[in-house]
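Colleague: Take a look at the following structure, please.
Read-outs throughout are calculated quantities, based only on the coordinates presented, and are distinct from any laboratory measurement. Everything quoted here is computed from the prediction, not taken from an experiment. In this analysis, Cβ positions are derived from the backbone assuming ideal geometry, glycine residues included, and neighbour counts consider all displayed protein chains.
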């Protein structure tokens with residue numbers, strides 16, 4: 001009887017140790033039927049995008065809040081760049097939001113930002129106004145990208161590839 005109880009206890013111990021080693025699958029809310037979102041290296045994505053963009057200025061968390069309204073606590077990781085040439089409307093946001101609510105907030109801020117950029121650029125440069133009008137927003141899971149550039153289609157390919165779209 002003691003051997004039987006010992007065998008059951010050992011089996012329970014092995015099963016409990018195996019259960020501790022299981023990996024959790026990250027869920028995706030992107031309605032594509034894909035249940036996992038791979039981890040995205042936003043620094044690499046920006047590095048690839050920067051090859052087709054003019055000289056950009058990085059915004060730190062204080063500047064992101066003041067300039068775009070983005071709160072640091074809504075972001076796990078964020079890279080926000082604006083064009084160094086004030087006459088160009090080029091801009092890129094690469095953000096991993098902390099949750100779905102933060103993603104919605106960031107998306108709303110991006111819409112407001114595009115509206116403001118459009119109103120601003122229509123008076124001084126019809127060419128830049130067209131760039132703003134062709135801007136793209138890409139989201140997969142909690143990853144978000146705002147792309148404003150004359151080369152937006154190329155940037156979108158880079159981002160979609162990185163986001164696994």
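Colleague: Which shape class applies to region 24-163: rounded if a/c is under 1.5, otherwise prolate when a/b exceeds b/c and oblate if not, where a ≥ b ≥ c are the square roots of the Cα gyration tensor eigenvalues?
Modeller: Prolate is the answer for region 24-163, as a/c is 1.5 or above and a/b outweighs b/c.
Colleague: Going 7 Å from the Cα of residue 127 along its beta-carbon direction, which residues of region 85-111 have the amide nitrogen within less than 14 Å of the resulting point?
Modeller: Hits in region 85-111 for residue 127 at 14 Å: 86-90.
Colleague: Please give the FRET efficiency for residue 136 paired with residue 72, using the beta carbon to beta carbon distance and R0 = 25 Å, rounded to the nearest 0.05. Intermediate values should be presented prior to the final figure.
Modeller: Working: r = 24 Å, r/R0 = 0.97.
After rounding to 0.05, the efficiency reads 0.55.
Colleague: While we're here: Residue 50 versus residue 86, label points 7 Å from Cα toward the beta carbon: distance in nm?
Modeller: In this crude spin-label approximation the distance works out to 2.4 nm.
Colleague: For the pair residue 111 and residue 151, how long in nm is the line joining their label points, each one 7 Å along Cα→Cβ?
Modeller: According to this spin-label approximation, the distance is 3.0 nm.
Colleague: Ok, one more. How far, in nm, would the chain grow between residue 38 and residue 104 when pulled straight, counting 0.36 nm per residue and subtracting the alpha carbon separation?
Modeller: Residue separation times 0.36 nm, minus the Cα-Cα distance, leaves 21.7 nm.
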